[in-house]
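Structure, as structure tokens:
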Amino acid sequence: MEQLSFAHEPAVRLLCRQVGEFVDAARSSDDLELLGPSRCHGWSRLDVVVHVRTGLQEMALGTLAHTGEQPDHDAASYWADHPDDRDDDPVPHILWLRRTAGAYSRPAAAVAHLQDAAEAAVRAVRAMPERTVQFQGKHLRSGDFLATWVVELAVHQLDLDLGEQGSSGLEWSRLTLEAVAEARLPAGLDDRTAVLVGIGREPCPPACGLPPQFPVSL
């Protein structure tokens, strides 16, 4: 796995922008659209919204978890042992998401909850000092910690499958996929298509020359 790191201040700016773009994408959908399928197998768009909302709440707490330990992961190696990958059976988590999403009276209520969580997360990120943080048992520089959330939100914005809406985090997502795979995605693919292909959400266009290291799981 290739090393990949990002500076603190650019990561703060990009993450705050990406959070806003994800929320705007969710708010652009009506209740019926949010009940439709996402690109993530077994998840509705509403499930994606709930997953991101819970993640933002966890991330906001992570901004406070400063440590004097030396970093042992960076923006790429974080994904080598992601908590979501520790159980080979995804079904319990999918069903948990469905039950949690089903607790809302309407999908719009989940989006309102997402917006509240997003605003709190942005405040926490902007107040975060440039330090090493401990998150999910790993020690990361603050820029790399924030970069993982840029990627998380950019990928899940694609999962909402709401057309060609812009996503500021796609360039960093592509760099992350390439660092994890230790291979380059085809140069002829734009960042949006490259990320979708690189994580296996879409097949590679004919004759694009996708390296065998892809798709990778984030």
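For the stretch 133-149, a residue qualifies if it is within 11 Å of Ala11 (Cβ to Cβ), touching a strand residue (DSSP E or B) at 6+ places or on another chain (Cβ under 7 Å) and surrounded by fewer than 24 Cβ atoms within 10 Å (Cβ to Cβ), and exactly one does: Arg141. Would you mind stating whether Ser173 is under 15 Å from the mean Cα position of the chain (by Cα) and buried (at least 24 other Cβ atoms within 10 Å of the Cβ)? Yes: the conditions hold for Ser173. When Leu153, Leu210 are screened for being among the aliphatic types (A, V, I, L, M), closer than 25 Å to Pro37 by Cβ and within 17 Å of the chain's Cα centre (by Cα), only Leu153 passes.
Annotation: Ala124 fulfils all but one of (1) buried (at least 18 other Cβ atoms within 10 Å of the Cβ); (2) aliphatic (A, V, I, L, M); (3) within 19 Å of the chain's Cα centre (by Cα); the unmet one is (1).
Would you check if Ala179 is touching a residue at least 24 places away in the same chain (Cβ under 8 Å) and under 20 Å from Arg53 (Cα atoms)? Spelling it out, it is not the case that Ala179 is touching a residue at least 24 places away in the same chain (Cβ under 8 Å) and under 20 Å from Arg53 (Cα atoms).
You will find that of Val151, Val216, Val125, the residue that is in a loop (DSSP other than H, G, I, E, B), of a type in the set (Val, Ile, Thr) and in contact (Cβ under 8 Å) with a residue 24 or more places away in the chain is Val216 and no other.
Per the listing Arg184, Arg201, Arg174, the residue uniquely assigned to a helix (DSSP H, G or I), of a type in the set (Lys, Arg) and at pLDDT 95 or above is Arg174. Inspect the stretch 194-211 for any residue being crowded, with 16+ Cβ neighbours inside 10 Å and within 20 Å of Cys16 (Cα to Cα) and give the result as yes or no. Looking through the stretch 194-211, none of the residues is crowded, with 16+ Cβ neighbours inside 10 Å and within 20 Å of Cys16 (Cα to Cα). With respect to the conditions (1) over 21 Å from Arg45 (Cα atoms); (2) surrounded by fewer than 20 Cβ atoms within 10 Å (Cβ to Cβ); (3) touching a Pro at 6+ places or on another chain (Cβ under 9 Å), Asp161 falls short on a single one, namely (1). Among all positions in the stretch 97-108, there is no residue which is within 26 Å of Arg174 (Cβ to Cβ), of a type in the set (Phe, Trp, Tyr) and either touching a helix residue (DSSP H, G or I) at 6+ places or on another chain (Cβ under 8 Å) or in a helix (DSSP H, G or I) (or both). Residues that are of a type in the set (Val, Ile, Thr) and farther than 17 Å from Glu202 by Cβ do occur in the stretch 128-136, at least one of them. Looking across the stretch 17-32, just one residue is more than 18 Å from the chain's Cα centre (by Cα) and buried (at least 16 other Cβ atoms within 10 Å of the Cβ), and that is Ser29.
With respect to (1) surrounded by fewer than 13 Cβ atoms within 10 Å (Cβ to Cβ); (2) under 12 Å from Val19 (Cα atoms), the lone exception for Arg99 is condition (2).
The values are calculated or read from the model by the stated rules, or taken from the named source; none is laboratory data. Keep in mind the model is a prediction, meaning the values are calculated, not measured. A quick note on method: Cβ atoms are made from the backbone with ideal geometry, for glycine too, and the neighbour counts reach across all protein chains shown.
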